[in-house]
Amino acid sequence: MIFDTWYTLDPGADVCTMTCPKTGTGTVGSGRSESGDAKETAGETQSVAGPVPAASAQSTDSPASPKEAGVEARPVQVSIRSLAGEDASGQIWLGEDAMKRLYEGPRDYKVWRPFDQERPGRESAALIGLLLRQAGAFDRFLSPCLQVRTRLDITEEGKELWKKTGLEAGARKVRFVPRLQESGTALVIQTGYAGTELGLFAGGRLVKSQYILFGGRAMDEDIQQLVARRTRCLLHLEDARALRLSASQALWKGTNPLLEVSGLNRYGEYETVQIRAAALWPGMKPVIDQIVSWTGSLLEAASMEARELFMKEGLSLRGSLSACFGLPQTLVQTLGYPVRREEEHA
């Protein structure tokens, strides 16, 4: 009997991930783990912009294969920045390569997100195909099958778009699984890049859910505007993301370093912009406040027994903003419940 091999795609974060079964043949992909966009330089200054080393999909599995380690096969994960770019000649660039090219010719180069609002767009199939190749999906006798993690409110039209894109990427079958799942009683805060999905579960049954357009992108847009007001330079949204990640890391450590980023001035030329990590907090707080407010609204539908359980076990904070400084703290301070963080890609 021939079994289907399913590779799970999660397009919800700005780092697109694919989870796949491990075959006992060693590591998958390049073996590099994704680091933050900032690196320490002299003094307290951190650079968070400029070309970064080109990278295709990156592996987050352990170096030893299951056969070598004497344990059962377990999933591995490859990831890539959800970016695509095109230069004046029509050449397409994907992942980190797309961002690297931006600094070489900003006037005639375009960068976009193939999975904007979690809908497949231009070059989505190419990005999925790259992940499948890095995962070794085409090394098998049969073509791979693709499982897409989606929002609860995905439409039939959305499913058809994903099916078409998956088949174009080389998948033999495409199916869907909701990203928001829980087997017990819990309040799940599933943050993402396009937005945040909230779910109240009782004994594994979904009682109430809500999707809000407040996530990593909205936070990056607020930071973009904040920096523009302070410096009169326009940041690319990806550079605003880099600032957000670097500021969050610094604030968790209780430090306030001077961050450097490249921004376009009014003459259309890149120049170095400097800003303190703490100065970015006003650009992060509005999205955090919205997520906390909507979570509080969902809590009102929870039974007394469920609330007592949440007080013991905490609210489940997942997804791309789970590691964002200020979000777990504000949830605790405002709602009065402990929070369990489950970190994922930003």
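The values are calculated or read from the model by the stated rules, or taken from the named source; none is laboratory data. These figures come from a predicted structure and were not determined experimentally. For neighbour counting, all protein chains shown are included, and Cβ atoms are generated from backbone atoms with ideal geometry for every residue, glycine included.
Summary table
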{"read-out": "Residue match in region 217-224 (condition: closer than 25 Å to LEU298 by Cβ, surrounded by fewer than 23 Cβ atoms within 10 Å (Cβ to Cβ) and more than 18 Å from the chain's Cα centre (by Cα))", "value": "no"}
{"read-out": "Which listed residue is touching a helix residue (DSSP H, G or I) at 6+ places or on another chain (Cβ under 7 Å), over 17 Å from GLY215 (Cα atoms) and of a type in the set (S, T, N, Q), from THR295, THR330, THR334", "value": "THR334"}
{"read-out": "Sole residue being touching a residue at least 24 places away in the same chain (Cβ under 8 Å), under 18 Å from the mean Cα position of the chain (by Cα) and on the phi < 0 side of the Ramachandran plot, chosen from THR165, THR196", "value": "THR196"}
{"read-out": "Verdict on LEU298 being in the same structural domain as GLY203 (by TED's automatic domain parsing), aliphatic (A, V, I, L, M) and within 20 Å of ASP220 (Cα to Cα)", "value": "no"}
{"read-out": "Counted residues, region 137-176 - those being touching a strand residue (DSSP E or B) at 6+ places or on another chain (Cβ under 8 Å) and in a loop (DSSP other than H, G, I, E, B)", "value": "7"}
{"read-out": "Verdict on GLY184 being in the same structural domain as GLY121 (by TED's automatic domain parsing) and either over 22 Å from the mean Cα position of the chain (by Cα) or modelled with pLDDT of 95 or more (or both)", "value": "no"}
{"read-out": "So LEU130, is it closer than 30 Å to CYS20 by Cβ, surrounded by 19 or more Cβ atoms within 10 Å (Cβ to Cβ) and out of contact with any Lys or Arg (no Cβ under 6 Å at 6 or more places or on another chain)", "value": "yes"}
{"read-out": "Of all residues in region 238-267 being surrounded by fewer than 16 Cβ atoms within 10 Å (Cβ to Cβ) and out of contact with any Gly (no Cβ under 9 Å at 6 or more places or on another chain), the one that is nearest to PRO282 (Cα to Cα)", "value": "ASN256"}
{"read-out": "Considering residues of region 142-162 that are touching a residue at least 40 places away in the same chain (Cβ under 8 Å) and more than 29 Å from TYR211 (Cα to Cα) only, the residue surrounded by the most Cβ atoms within 10 Å (Cβ to Cβ)", "value": "PRO144"}
{"read-out": "All positions within region 163-181 that are of a type outside the set (Val, Ile, Thr), surrounded by 20 or more Cβ atoms within 10 Å (Cβ to Cβ) and modelled with pLDDT of 95 or more", "value": "GLY166, ALA169, ALA171"}
{"read-out": "Residue ID - surrounded by the most Cβ atoms within 10 Å (Cβ to Cβ), chosen from residues in region 321-337 that are within 14 Å of VAL287 (Cβ to Cβ) and among the hydrophobic types (A, V, I, L, M, F, W, C)", "value": "LEU321"}
{"read-out": "Neighbours by Cβ (under 9 Å, 6+ apart or cross-chain): first from region 224-241, closer than 23 Å to LEU83 by Cα; second aromatic (Phe, Trp, Tyr) and surrounded by 20 or more Cβ atoms within 10 Å (Cβ to Cβ)", "value": "ARG241/TYR193"}
{"read-out": "Residues of region 263-275 that turn out to be under 18 Å from ASP220 (Cβ atoms) and not β-branched (Val, Ile, Thr), as a count", "value": "2"}
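Here is a yes/no grid of residues against (1) among the acidic types (Asp, Glu); (2) modelled with pLDDT under 90:
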{"residue": "LEU94", "(1), (2)": "no, no"}
{"residue": "MET99", "(1), (2)": "no, yes"}
{"residue": "ASP108", "(1), (2)": "yes, yes"}
{"residue": "VAL111", "(1), (2)": "no, yes"}
{"residue": "GLN117", "(1), (2)": "no, yes"}
{"residue": "GLU123", "(1), (2)": "yes, no"}
{"residue": "ILE128", "(1), (2)": "no, no"}
